[in-house]
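A short write-up of the structure that comes next.
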Amino acid sequence: MFEHLHALPADPILNLMVQYRKDNNPLKVDLGVGVYKDEQGHTAIMQAVTAAETHLLATETTKTYIGPAGAEGFNYHISRLLLGNDHSAIKDQRITVAQTPGGCGALRMAAEFTAKCSPETTVWVSDPTWANHIPLLKGARLNITEYPYYDGETKGIRFDDMCSALESAKAGDVVLLHGCCHNPSGADLSTAQWDVIAELLMRKNLIPFVDIAYQGLGDGLAEDAYGVRLLADKAPEMLIASSCSKNFGLYRERTGSVIIISPNQQQAAVSASNLFSLIRGHYSMPPAHGAAIVETILGNAELTKSWDNELTVMRNRILQLRHQLAQEIAATGCSQDFSFIPRQKGMFSFLGINKDQVARLRDEHAIYMVDSSRINIAGLSSTNLGYVAQSLSKVLKG
Ligand code: LMR
């Protein structure tokens, strides 16, 4: 039977980690996979995470099963972090929350839930979107179509085209939106644009599906949740996938959540039974440790403050790196304009160079990025910024 399989290409993002590790060039720079790095190029464990782990080690008394929904305390805190403490959907008991194995687990369970409701559903995704959105949605056999999003010329959003495309969607279609820090472009909807999208989705009876994997790394915890909170306020039905990989630095702990918003409390109970049954049929239940860390932090005012402060440092550092990169490139005398980089949000931006130029940066300068020219801004540091800017400038000169 195995002979029916064909070898598949390696994952375009994750494979960059492998290539980078193998490279012996002392000047090598990793701008590939989206992980936060400090000035030393290290992905450190956040202080609140270490404190929470220390506390857990001293107090945990069991490793028994936690069930398909995961930890109740985590679900309580994460839903409030995303939606705010007093959100109407929470008060009206219209939400179903499940702790998931990372944001991918959340996306896949939301996709499976959608397919269970209606197998013919079309999901609209931004052009471009995070590469792994497609396999996660296709795995649930959903139809996928794109709406225009990033404009490579203006480096902003093709907002009118996006709205026109969504006007042509049919009632019941699902629209996947990046809550903040659009991956891969860094081009985010403004609050005014979120307002327009919310009105459009509600008028056309489209179902919002918000993927929010970078809350706190754009403008702030509440600011980054503007869109998700607005839609949750208005939509009778909605799907949310969130991740704690980046904002808690829990990449390998696989910690995320899926939230289903139903029209009323009765329907929410039906949604919950279906979601939990789907989870049971896929991975039975999520791993406990990462969620226990998040629950410990968010359940303790002092740890929450420490976490929030560290997250603020990370966010400000990314913003500063964005400014520095644009300045350093301009200082090389490069003819191309990179002043858009500080206008974009979160970990990613496209350099807007072609595949050959990306390959030359990798092969001649040991600078690694996704073929699309997406760079992880958080992989820059004062040590490598000048080198990256000089190398880019050289490659652009031909
Ligand atoms: C990324 O986009 O680089 C991250 O979300 C990591 C991943 O799993 O692709």
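At a glance:
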{"read-out": "Residue match in the stretch 386-397 (condition: at pLDDT below 95, basic (K, R) and either in contact with a Lys or Arg (Cβ under 7 Å, 6 or more places away or on another chain) or in a helix (DSSP H, G or I) (or both))", "value": "yes"}
{"read-out": "Which numbered condition N316 fails, given (1) in contact (Cβ under 8 Å) with a residue 24 or more places away in the chain; (2) more than 16 Å from the ligand (Cβ to nearest atom)", "value": "(1)"}
{"read-out": "Residue ID - farthest from E72 (Cα to Cα), chosen from residues in the stretch 97-115 that are within 13 Å of the ligand (Cβ to nearest atom) and among the aliphatic types (A, V, I, L, M)", "value": "L107"}
{"read-out": "Residues of the stretch 299-338 that turn out to be more than 22 Å from G398 (Cβ to Cβ) and of a type in the set (G, A, S), as a count", "value": "3"}
{"read-out": "Qualifying residues in the stretch 84-119 (those that are within 23 Å of the chain's Cα centre (by Cα) and of a type in the set (S, T, Y)) - the one farthest from S271 (Cα to Cα)", "value": "T100"}
{"read-out": "Some residue of the stretch 149-156 being in contact (Cβ under 8 Å) with a residue 40 or more places away in the chain and within 16 Å of the ligand (Cβ to nearest atom)", "value": "yes"}
{"read-out": "Filtered residues of the stretch 350-385 (kept if buried (at least 22 other Cβ atoms within 10 Å of the Cβ) and either assigned to a loop (DSSP other than H, G, I, E, B) or touching an Asp or Glu at 6+ places or on another chain (Cβ under 8 Å) (or both))", "value": "L351, Y368, M369, N376, G379, L380"}
{"read-out": "Output for the stretch 312-349, where each listed residue is among the basic types (K, R) and in a helix (DSSP H, G or I)", "value": "R315, R317, R322, R343"}
{"read-out": "Matching residues, the stretch 65-99, being at pLDDT 95 or above and among the acidic types (D, E)", "value": "E72, D92"}
{"read-out": "Condition broken by P9, with the remaining ones in (1) away from the ligand (no atom under 16 Å from the Cβ); (2) farther than 23 Å from P287 by Cβ satisfied", "value": "(1)"}
{"read-out": "Conditions (1) within 16 Å of the ligand (Cβ to nearest atom); (2) aliphatic (A, V, I, L, M); (3) touching a His at 6+ places or on another chain (Cβ under 9 Å); number of the one not met by V395", "value": "(1)"}
{"read-out": "Set D224, D211, D160, D219: member being in contact with a Cys (Cβ under 6 Å, 6 or more places away or on another chain) and under 28 Å from S339 (Cα atoms)", "value": "D224"}
{"read-out": "Pick from the stretch 233-256, criterion small (G, A, S) and touching a strand residue (DSSP E or B) at 6+ places or on another chain (Cβ under 6 Å), ranking: nearest to the ligand (Cβ to nearest atom)", "value": "S243"}
{"read-out": "Top-ranked residue of the stretch 12-31 - restricted to ones that are in contact (Cβ under 8 Å) with a residue 60 or more places away in the chain and within 13 Å of the ligand (Cβ to nearest atom), ranked as farthest from T43 (Cα to Cα)", "value": "P12"}
{"read-out": "Which numbered condition D127 fails, given (1) over 18 Å from the mean Cα position of the chain (by Cα); (2) away from the ligand (no atom under 16 Å from the Cβ)", "value": "(1)"}
{"read-out": "Residue under evaluation D11, criteria (1) in a helix (DSSP H, G or I); (2) closer than 30 Å to F276 by Cβ; (3) acidic (D, E), criterion not met", "value": "(1)"}
{"read-out": "Residue list for the stretch 333-370, filter: in contact with a Lys or Arg (Cβ under 6 Å, 6 or more places away or on another chain) and among the small types (G, A, S)", "value": "A366"}
{"read-out": "Subset of the stretch 143-175 that is part of a helix (DSSP H, G or I) and either at pLDDT below 95 or of a type in the set (D, E) (or both) - its residue that is nearest to M238 (Cα to Cα)", "value": "E167"}
{"read-out": "Residue match in the stretch 134-154 (condition: touching a Gly at 6+ places or on another chain (Cβ under 7 Å), closer than 27 Å to S349 by Cβ and not aliphatic (A, V, I, L, M))", "value": "yes"}
{"read-out": "Odd one out for A140, checked against (1) outside any helix (DSSP H, G or I); (2) within 16 Å of the ligand (Cβ to nearest atom); (3) out of contact with any Pro (no Cβ under 8 Å at 6 or more places or on another chain)", "value": "(2)"}
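The values are calculated or read from the model by the stated rules, or taken from the named source; none is laboratory data. Everything quoted here is computed from the prediction, not taken from an experiment. With ideal geometry, Cβ positions are generated from the backbone for all residues, glycine too; neighbour counts draw on all protein chains shown.
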